[in-house]
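Single-structure report; data block below.
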Amino acid sequence: MTEYEPPRGREQRKQDVLGRLRQDEDAWVATASPDGFPTLVPLSFLWEDDTGTLVMATRRTNPTAVNVTPHGLIRVAAGHTRDVVLIEGEARIVEVADLPAVTRDAFAAKLRGWRPSGPRWVFLRITPLTVRAWREENELADRDLMHTGTWLI
């Protein structure tokens, strides 16, 4: 029989999620084309505490950017399989020039100077609608931390 650490309470899980979003650099991003063809790619990100959104960059012509244009739905997974953060949200395309300078600077600072620029690049601003987090089976029952854009804690 496998023994797990005791399950974390929702408040601790929320703090762990926010810590991961503030510290991690990359996450898996899933979108689907209008005909249902899935795309899964790793993208670097910035979490903005003040807006409660994720900011990512990708080339304008990549399937991820193309797929969010018609409907905006996106799924983001951070962490590893024994410490999952799963976010479902709405993404919108933001032109490089339209992203506030403070956000562009924070993005570059987090990613060691990388600054997407020029017409090839766009940013995605992702507003979480649901957030789930769990480590092991004993945390599955209370994995929902956000629903319809509101923290449950």
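The values are calculated or read from the model by the stated rules, or taken from the named source; none is laboratory data. Keep in mind that this is a model prediction, so the values were computed, not measured. Counting neighbours? That spans all protein chains shown, and the Cβs are built from the backbone with ideal geometry, glycine included. All accessible areas refer to the heavy atoms of the entire protein, side chains included, with ligands and DNA or RNA removed. Shrake-Rupley method; radii C 1.70, N 1.55, O 1.52, S 1.80 Å.
Key figures
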read-out: Scope the range 75-92; condition in a strand (DSSP E or B), open to solvent by 30 Å² or more (accessible area, probe 1.4 Å) and under 15 Å from LEU40 (Cβ atoms); matching residues; value: ARG75, ALA77, LEU86, GLU88
read-out: Residue in the range 96-107 that is free of Cβ contacts under 8 Å to residues at least 60 places away in the same chain and acidic (Asp, Glu) present; value: yes
read-out: Single unsatisfied condition, ASP105 versus (1) of a type in the set (Asp, Glu); (2) more than 17 Å from the chain's Cα centre (by Cα); (3) not in a helix (DSSP H, G or I); value: (3)
read-out: Matching option when the condition is in contact with a helix residue (DSSP H, G or I) (Cβ under 7 Å, 6 or more places away or on another chain) and free of Cβ contacts under 8 Å to residues at least 24 places away in the same chain, among VAL55, VAL41; value: VAL41
read-out: Residues located in the range 93-119, provided they are surrounded by 15 or more Cβ atoms within 10 Å (Cβ to Cβ) and among the basic types (Lys, Arg); value: ARG104, LYS110
read-out: Hits in the range 11-30 (condition: closer than 20 Å to ALA57 by Cβ and either part of a loop (DSSP other than H, G, I, E, B) or open to solvent by 80 Å² or more (accessible area, probe 1.4 Å) (or both)); value: ARG22, GLN23, ASP24, GLU25, ASP26, TRP28
read-out: Residue match in the range 121-143 (condition: open to solvent by 10 Å² or more (accessible area, probe 1.4 Å) and closer than 17 Å to ARG59 by Cβ); value: yes
read-out: Residue count, the range 1-10 (criterion: open to solvent by 70 Å² or more (accessible area, probe 1.4 Å) and basic (Lys, Arg)); value: 1
read-out: Residues of the range 11-29 satisfying the condition of being in contact (Cβ under 8 Å) with a residue 12 or more places away in the chain and farther than 14 Å from VAL84 by Cα; value: GLU11, ARG22, GLU25
read-out: Looking only at the range 31-46, and only at residues there that are assigned to a strand (DSSP E or B) and open to solvent by 30 Å² or more (accessible area, probe 1.4 Å), the one that is nearest to PHE123 (Cα to Cα); value: SER44
